[in-house]
Amino acid sequence: MHARMSARPPRLQAATDSPSPWKSPVERTRERALKREAVIRAAAQAFRERGYHRTSLDDIAAKLNVTKPTIYRYVDNKEQMLFECFRTGLSRIRATLREAEKLEASGLEKLRHVLREYTEGITSEFGWCMVRVEEQDLSPAMSRKIKSLKSEIDQGIRRLIQEGIRDGSIRECDPKMTAFALAGALNWISHWHRENDLLTPAQIAERFFELFERGLSPRNGS
């Protein structure tokens, strides 16, 4: 009599043998961040090309080859999208200001470092939004947010000027008026700069800074 053979179920393949069809939370988060960045960048380009009021969410969706409901996954409305473009453009300047405060350098060198990044931001696709955002018809709450962020940048530049005055790398001047003059001149770049300009953003920044640093007066013996 043959012994009964117990039937065994086939061995399941280990989970590590093949990739899961579902992405991990980290991957999903990264993918969402990348898609949101693409939406904001496309919006900034559209606003620069057409203006805020002449650009619709349908235009931005078409630019990305997606539907308008897809855009609503990342922003609530067009006003928020404009704000996100503005905030994205300012983010590199805000980060550079925080970085500059930790540098072992003179106030003048720190200011040069920040204004170089400022120029990079103004000449990017976000430059139009950074400069023109307050000209649009925005809600009072949104206007307050924008003014708060602009004030943060202004105050940071003033602090660097004041630091330069204290360490002797910047001559005595009115920090408020000097900060206004610097920011005003750099903001105006967005009105005339084109992507195919011969000068790079870094070269533009250097020439602007040289003008402010040396002034218009001729130097004796130069």
* Structure fact -> Selection from the range 177-201 of residues loosely packed, with under 12 Cβ neighbours inside 10 Å, of a type outside the set (Phe, Trp, Tyr) and not in a loop (DSSP other than H, G, I, E, B) yields MET177, GLY184, HIS191
* Tell me, please, whether a residue that is assigned to a helix (DSSP H, G or I) and farther than 25 Å from THR123 by Cα can be found in the range 43-50. => no
* Go through the range 110-169 and give me each residue that's of a type in the set (Phe, Trp, Tyr) and under 15 Å from ARG94 (Cβ atoms). => TYR118, PHE126
* Asked: Quick one: in the range 85-100, which of the residues that are in contact (Cβ under 8 Å) with a residue 24 or more places away in the chain and surrounded by fewer than 20 Cβ atoms within 10 Å (Cβ to Cβ) is farthest from GLU125 (Cα to Cα)?
  -> ARG94
* Asked: Quick one: in the range 109-145, which of the residues that are outside any helix (DSSP H, G or I) and under 18 Å from the mean Cα position of the chain (by Cα) is modelled with the highest pLDDT?
  -> PHE126
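The values are calculated or read from the model by the stated rules, or taken from the named source; none is laboratory data. No experiment lies behind these values; they were computed from the predicted model shown. So basically every Cβ, Gly included, is an ideal-geometry build from the backbone, and we count neighbours across all protein chains shown.
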